[in-house]
Amino acid sequence: MTKACILCGNTDNNQLYKVKELQLGFDEYFTYQHCGSCGSMQLQDVPENLGKYYPNEDYYSFKLGLQIRMKADPLRKIKTDYLLFGKNRLLGRLLSIGYSLPEQLQWMKDLGTNYDDAILDIGTGNGSLLARLFQVGFTNLTGIDPFINEGQDHGSIKILKKDIYGVTEQYDVVMMHHSLEHMFEPQRVLAQALKITRPGGKVMIRIPIMGNYGWKKYGVFWGGLDAPRHIFIPSEKQLRVLCEQAGFIIDKFYYDSPVSMIWMSEQHQKGMHLYHPHSHIFDSGKGMFTKEDTKHFRSILKVENEKGNGDTAVICLRKSI
């Protein structure tokens, strides 16, 4: 039976789909509901042991490379000074020749973040993003994740085992990089995000978006579904509504679909899970995709992102003073 949409409350014309777990290779299916009104998707029945689907030894965000340095990399710091703040112009310009702005610096630029701003990364995994930000000069970095085995304190980088409701401090920047869709009661999550953001502070959410290129092409094999870890996948329209209802002002919205969205979906369609020995994620030369294939996938997503039809998006929010 269908249920009320957890994002808009609609009960009419909702449609059910069976979706297979295709990241860790469990032979399990889960029921998802597509809302007949707002177009969002939601998991119908949540597994009792959700932690089973976030094993620290296998789940991708716990396996990302992590290097904690005692101080920032001086050359990277100079490039960041130039690219983000227009400082060290001569040396910064020389060092930046042929250098593409890394995505983590693009996010800081989008948010107008300063080096000493208090930054909170929700769903941080092992803290690899915070480590990259520290290397280029950011100094007040905290990450939280309820599924890590234990917290860690690296001085300027603190990684805490807790969820968003356990946060009592306020931050200048709050980030949710592909973590909001893993949480229950999105309205409550956004209300808490507003509460822990300082007046004038910024929130960035990166999230899969339902109903665009990947869903239309791959259906239940679309990598953005990620059953059963994704509790919901919003449509763009409903994501905007949720953020504004929570009290945020939307500063920026754009699509940033990565090439993995296509090759994951292609693999899933052929019955191959993400951590299969021949998966493209291992880049072992045994996978089903050539360099030309991935180049083609990137060109597709570049066009779809620019058309506003991408599979993942960035929304930058501001808390009014």
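So the values come out like this:
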| read-out | value |
| --- | --- |
| Any chance D145 is buried (at least 21 other Cβ atoms within 10 Å of the Cβ) and among the acidic types (D, E) | yes |
| Elements of type helices (runs of 4 or more DSSP H) in segment 222-321, at least 1 residues being of a type in the set (K, R) | 236-245, 291-307 |
| Filter result (more than 22 Å from V173 (Cα to Cα), β-branched (V, I, T) and surrounded by 12 or more Cβ atoms within 10 Å (Cβ to Cβ)) within segment 67-118 | I78 |
| Verdict on G166 being under 19 Å from L190 (Cβ atoms), touching a helix residue (DSSP H, G or I) at 6+ places or on another chain (Cβ under 8 Å) and of a type in the set (G, A, S) | no |
| Test: residue in segment 226-240 that is touching a Gly at 6+ places or on another chain (Cβ under 9 Å), crowded, with 24+ Cβ neighbours inside 10 Å, farther than 18 Å from K18 by Cα and small (G, A, S) | no |
| Unmet criterion (only one of (1) surrounded by 17 or more Cβ atoms within 10 Å (Cβ to Cβ); (2) modelled with pLDDT of 95 or more) for G308 | (1) |
| Flag if I209 is β-branched (V, I, T) and closer than 24 Å to Q33 by Cβ | yes |
| Scope segment 159-176; condition in a strand (DSSP E or B) and more than 12 Å from G125 (Cα to Cα); matching residues | Y171, D172, V173, V174, M175 |
| Residue in segment 188-195 that is part of a helix (DSSP H, G or I) and in contact with a Cys (Cβ under 9 Å, 6 or more places away or on another chain) present | yes |
| Count of residues meeting criterion [over 17 Å from K217 (Cα atoms), modelled with pLDDT of 90 or more and among the small types (G, A, S)] in segment 268-305 | 1 |
| In segment 1-28, the residues that are outside any loop (DSSP other than H, G, I, E, B), under 28 Å from C243 (Cα atoms) and in contact with a Phe, Trp or Tyr (Cβ under 8 Å, 6 or more places away or on another chain) | L16, Y17, V19 |
| Single unsatisfied condition, E57 versus (1) modelled with pLDDT under 95; (2) surrounded by fewer than 17 Cβ atoms within 10 Å (Cβ to Cβ); (3) under 30 Å from E185 (Cβ atoms); (4) touching a Lys or Arg at 6+ places or on another chain (Cβ under 7 Å) | (4) |
| Selection from segment 11-33 of residues that are surrounded by 15 or more Cβ atoms within 10 Å (Cβ to Cβ), out of contact with any His (no Cβ under 7 Å at 6 or more places or on another chain) and under 12 Å from L43 (Cβ atoms) | V19, E21, F30, T31, Y32, Q33 |
| Scope segment 86-112; condition farther than 19 Å from P74 by Cα and over 16 Å from the mean Cα position of the chain (by Cα); matching residues | K109, G112 |
| Members of segment 79-93 found to be farther than 18 Å from W107 by Cα and of a type in the set (A, V, I, L, M, F, W, C), listed by number | L90, L91 |
| Residue list for segment 29-55, filter: hydrophobic (A, V, I, L, M, F, W, C), in contact with a strand residue (DSSP E or B) (Cβ under 8 Å, 6 or more places away or on another chain) and not in a loop (DSSP other than H, G, I, E, B) | F30, M41, L43 |
| Residue within segment 154-174 that is closer than 28 Å to E304 by Cβ and in contact with a Pro (Cβ under 7 Å, 6 or more places away or on another chain) present | no |
| Qualifying residues in segment 272-296 (those that are touching an Asp or Glu at 6+ places or on another chain (Cβ under 8 Å) and hydrophobic (A, V, I, L, M, F, W, C)) - the one nearest to E21 (Cα to Cα) | M288 |
| Unmet requirement for W263, which otherwise passes all of (1) surrounded by fewer than 19 Cβ atoms within 10 Å (Cβ to Cβ); (2) closer than 30 Å to N49 by Cβ | (1) |
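The values are calculated or read from the model by the stated rules, or taken from the named source; none is laboratory data. None of these values were measured; they are calculated from a predicted model. Note that each Cβ is placed from the backbone with ideal geometry, even for glycine, and that neighbours are counted across all protein chains shown.
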